[in-house]
Amino acid sequence: MKIVFYTAGGTIDKIYFDAQSDYQVGEPILDEILAEGNVTFRHESKIILKKDSLELTDEDRDTLYRAIDGEENRLIILTHGTDTMADTARHLQSIRGKVVVLTGSMAPARFRSSDAPFNIACAIGAVQALPEGIYICMNGRIFTPEEVIKNRERGVFEIPPQR
């Protein structure tokens, strides 16, 4: 088994620069998280984008689509910013023959209190267990793109209440 990790940027890879809370997307920290987790499966990391998800364009989503659709491996985790993660997941839904799990974090992975390692670990378990499709794994839950929203007030992903 091999899992391919694609990175698109987002809070998970942000670095803190000054007292004015200025963050920028830095180099992916995924390989450090995997090393600390002592993973024993084969994996590969590929940087596709290094952007805040609010800055992603349709062209960026097309770039992600082409990279994932063209990937020979079927197990893929995409680290992505949380603000538009569901939009990207919906954009990828026509990809066939793969299990694609998007994940990210509400705080930079470089912060001790970050949810990044937990979310990545959940995504690793999910990508191995789920059937073909596109999923979002956040806050210990697995969602499909059409059902999930980010609740900004609570800082979690959830299924909205029925209206």
Original post:
Which of the residues spanning region 130-147 are crowded, with 21+ Cβ neighbours inside 10 Å and within 13 Å of residue 82 (Cα to Cα)?
Top reply: 136, 137, 138
**OP:** Please go through region 35-72 and pick out each residue that is touching a residue at least 60 places away in the same chain (Cβ under 8 Å), surrounded by 15 or more Cβ atoms within 10 Å (Cβ to Cβ) and not small (Gly, Ala, Ser).
**Re:** 68, 71
Original post:
Could you list, in sequence order, the residues of region 73-85 that are buried (at least 17 other Cβ atoms within 10 Å of the Cβ) and farther than 26 Å from residue 113 by Cβ?
Top reply: 75, 76
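Readers should treat all values here as calculations from the given coordinates under stated rules, not as data from a laboratory. The structure displayed is predicted, hence computed values, not measured ones. All Cβ positions, glycine included, derive from the backbone under ideal geometry; neighbour counts span all protein chains shown.
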